[in-house]
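**Q** Below: one structure in structure tokens.
The values are calculated or read from the model by the stated rules, or taken from the named source; none is laboratory data. All of these numbers come straight from a predicted model, not from anything done at the bench. Here the Cβ is made from the backbone with ideal geometry for all residues, glycine too, and neighbour counts use every protein chain on show. Ligands, DNA and RNA are stripped out before the accessible areas are found, and what is left, the full protein with its side chains, is counted by its heavy atoms. Shrake-Rupley method; radii C 1.70, N 1.55, O 1.52, S 1.80 Å.
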Amino acid sequence: MLLDARVPLGPIEKLWDQARFEMKLVNPANKRKHTILVVGSGLAGASAAATLGELGYNVKCFCFQDSPRRAHSIAAQGGINAAKNYHGDGDSVFRLFYDTVKGGDFRSREANVYRLAQISVNIIDQCVAQGVPFAREYGGTLANRSFGGAQVSRTFYARGQTGQQLLLGAYQALERQVHEGRVSMFPRTEMLDLVVIDGRARGIVTRNLVTGQIESHAGDAVVLGTGGYGNVYYLSTNAKGSNCTAIWRAYKRGALFANPCFTQIHPTCIPVSGDYQSKLTLMSESLRNDGRIWVPMKAGDKRAPRQIPETERDYYLERRYPSFGNLVPRDVASRNAKAVCDEGRGVGKTGLGVYLDFADCIQRLGVDVIRERYGNLFEMYQRITDEDPYQAPMRIYPAIHYTMGGLWVDYYLMSTIPGLFVIGEANFSDHGANRLGASALMQGLSDGYFILPYTVGDYIAKTKLETIDTGAAEFLSAEAGVAELTEKLLGIRGRQTVDAFHRQLGKIVWDYCGMSRTGAGLDEAIGEIHRLREQYWRDVKVPGSAEDLNQSLEKAGRVADFFELAELMCIDARHREESCGGHFREEHQTPDGEAQRNDEDFSYAAAWEYKATERAPDLHPVLHKEPLTFEYVHPSQRSYK
């Protein structure tokens, strides 16, 4: 299979304008004749559905939550990047482009990243027009703060609730189109299969999570904006409902999956406190603007933090990376936190934690300023830990937060299945091996508001689409497959719960394919995943029926997909004999412990094709490579020192 990214030719700063000019257009009177299915209603999905509806298309939007407002985008805290240069501190579109390519450790497609930086300035204008209450300076201008991997202030924010406010903006735009009759919402509805007819994506099969009814929906294009797969680790900062099922079922229908091992560990999360936990809590990266990260100098020092004098503290990020200090990229901060804990200098009962201390900034700026900037985050931390961060340092430790891997897409956000578009975190395109903070919201809204509405129209205008209905054989076959899988899960009647298996799977993936990986460990993980998956299909217990609300059944299907995805992640990590960004192979590191890339052999996006048969149901994925070329930001050893 030839991977053609379809990047236009010419200077990078003109590519998107050129591409838009060359696109075919759909007559306004004809748009209402075309149906587009949008799966997911977070920032990417809601903005895409709202904009497509505004353009006049007939849109169906699906979400498994009871309202689009409950999409996981609402949990984003710190901010959204844009190259506005309001501070006059040297920012520009090119600098944002440069920082993003470098932050991703030179494993992203230059053309996509430059377009993202270009569009970033439009996103802020769009959201301000919607009424998103971004923080402002005393004089009324929009405020900015810094995030990791940058030496400029380009992050716009709404206290510690930026995702929520942006989602409400997209939601009101979406609901306006629902009111106008151009968008039909299908809440509490989960996509369980993709329907491909004559090689093109033409519909989906869904299950109503309240009634259990299996239904088919036909369309001229399908858009997946279903987020990432971080919950494969069981413990993550993702909402419990976040899953990989939509993109995984599309993968099994022929969409390639790119760079699945590129997962992001966020350095500032509340540490694990016991086996009873079902998820972890993020503490915004914005806290690293004012908080200082440290551990005791001596291993095993269990004194209270305020009893440890300055001379016996190690502000290790400031020591190792004086240019960036506490605002190094997430992969760098996470690995360093793990390293000091491995040395026995971690804090808290488990020893898996470091301090994030605000004493200096409170003394310098006053408690009222810090409360204004981070008050809701401090309150959340205190409610969870029963510790007052105004009086004592926060305890933090890295946790799974985001996934840079996803379905492969070209410059036009279309997968290897014509008519299947993938946006936001569900695709692989913009962040390489490590995402910079405050860039997820930027990508989701860029894809949904400003890119997809053009590229979907171009596809429809260039494609002769036959009229189909859900009575076609392909729809009936897909419905039967969904019903068969449902019956199989209910019929096992084993002894262990879905959550018990999910927890075991998550521990395997975290131990062997988490913050650090080794070839031997990944081989071990693949074997363990095989054995646990076989046990799952023999011994999982799914109570209840398929005809009503059954959350155990929902989770059972999702965890079945996680088993297969976990194996692909380990296969991908095993084949990539280098360290880059969030993919850290212990065999490949510099003398001072930094990631060591192998540009000669691995400067490509690894896109995996699904291969399995009835006789050989185990994964036998086929690797396809999209070479990555760098004309504007030349690869070098990343340095934040």
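**Q** Taking the stated definitions as given, is Arg533 open to solvent by 70 Å² or more (accessible area, probe 1.4 Å) and assigned to a helix (DSSP H, G or I)?
**A** Against the criterion (open to solvent by 70 Å² or more (accessible area, probe 1.4 Å) and assigned to a helix (DSSP H, G or I)), Arg533 does not qualify.
**Q** Any residue at all in the range 585-594 that's free of Cβ contacts under 8 Å to residues at least 60 places away in the same chain, surrounded by fewer than 22 Cβ atoms within 10 Å (Cβ to Cβ) and in contact with a Pro (Cβ under 8 Å, 6 or more places away or on another chain)?
**A** no
**Q** Continuing with the same structure: Take the range 456-471 and flag every residue that is part of a helix (DSSP H, G or I) and touching an Asp or Glu at 6+ places or on another chain (Cβ under 8 Å). I'd like the intermediate steps shown before the answer.
**A** Of the residues in the range 456-471, the ones part of a helix (DSSP H, G or I) are 456-462.
Hit for the range 456-471 is Ile460, nothing else.
**Q** Run Val354 past the list (1) of a type outside the set (Asp, Glu); (2) at pLDDT below 95; (3) open to solvent by less than 10 Å² (accessible area, probe 1.4 Å) and report the number of the one that doesn't hold.
**A** Against the list (1) of a type outside the set (Asp, Glu); (2) at pLDDT below 95; (3) open to solvent by less than 10 Å² (accessible area, probe 1.4 Å), Val354 comes up short only on (2).
**Q** Go through the residues of the range 417-434 one by one and say whether even a single one is farther than 20 Å from Arg115 by Cβ and open to solvent by 20 Å² or more (accessible area, probe 1.4 Å).
**A** There is at least one residue in the range 417-434 that is farther than 20 Å from Arg115 by Cβ and open to solvent by 20 Å² or more (accessible area, probe 1.4 Å).
**Q** Can I ask one more? Would it be correct to say that Arg202 is farther than 30 Å from Leu377 by Cα and either outside any loop (DSSP other than H, G, I, E, B) or at pLDDT 95 or above (or both)?
**A** Values: farther than 30 Å from Leu377 by Cα: yes; either outside any loop (DSSP other than H, G, I, E, B) or at pLDDT 95 or above (or both): yes.
Yes; evaluated as a whole, the condition is true for this residue.
**Q** Only one of (1) within 23 Å of the chain's Cα centre (by Cα); (2) in contact (Cβ under 8 Å) with a residue 60 or more places away in the chain is not met by Tyr374, so which one is it?
**A** For Tyr374, the exception is condition (1).
**Q** Condition first: part of a loop (DSSP other than H, G, I, E, B) and open to solvent by less than 10 Å² (accessible area, probe 1.4 Å). Now tell me which residues in the range 391-407 satisfy that.
**A** Of everything in the range 391-407, those that are part of a loop (DSSP other than H, G, I, E, B) and open to solvent by less than 10 Å² (accessible area, probe 1.4 Å) turn out to be Pro393, Met404, Gly405.
**Q** Can you tell me how many residues in the range 247-304 are over 23 Å from Tyr402 (Cα atoms) and either open to solvent by 20 Å² or more (accessible area, probe 1.4 Å) or among the charged types (D, E, K, R) (or both)?
**A** Qualifying residue count for the region: 12.
**Q** Here's another thing I want to ask about it. Looking at the range 279-313, which of its residues are acidic (Asp, Glu), within 29 Å of Gln151 (Cβ to Cβ) and in a loop (DSSP other than H, G, I, E, B)?
**A** Within the range 279-313, Asp290 is the sole residue that qualifies.
**Q** Here's a follow-up. For the range 331-351, name all the residues that are of a type in the set (Gly, Ala, Ser), under 26 Å from the mean Cα position of the chain (by Cα) and surrounded by fewer than 22 Cβ atoms within 10 Å (Cβ to Cβ). Show your work before the answer.
**A** Of the range 331-351, the ones of a type in the set (Gly, Ala, Ser) are 333-334, 337, 339, 344, 346, 348, 351.
Those still in the list that are under 26 Å from the mean Cα position of the chain (by Cα) too: 333-334, 337, 339.
Scanning the range 331-351 gives a single hit, Ala339.
**Q** Next up: Would you point out the residue of the range 35-73, among those that are polar (S, T, N, Q) and touching a Lys or Arg at 6+ places or on another chain (Cβ under 7 Å), that is most open to solvent (accessible area, probe 1.4 Å)?
**A** Result: Asn58.
**Q** Continuing with this model, one more query. When the residues of the range 357-390 are filtered to those that are open to solvent by less than 20 Å² (accessible area, probe 1.4 Å) and touching a Pro at 6+ places or on another chain (Cβ under 7 Å), which remaining residue is farthest from Leu287 (Cα to Cα)?
**A** Per the criteria, the residue is Tyr381.
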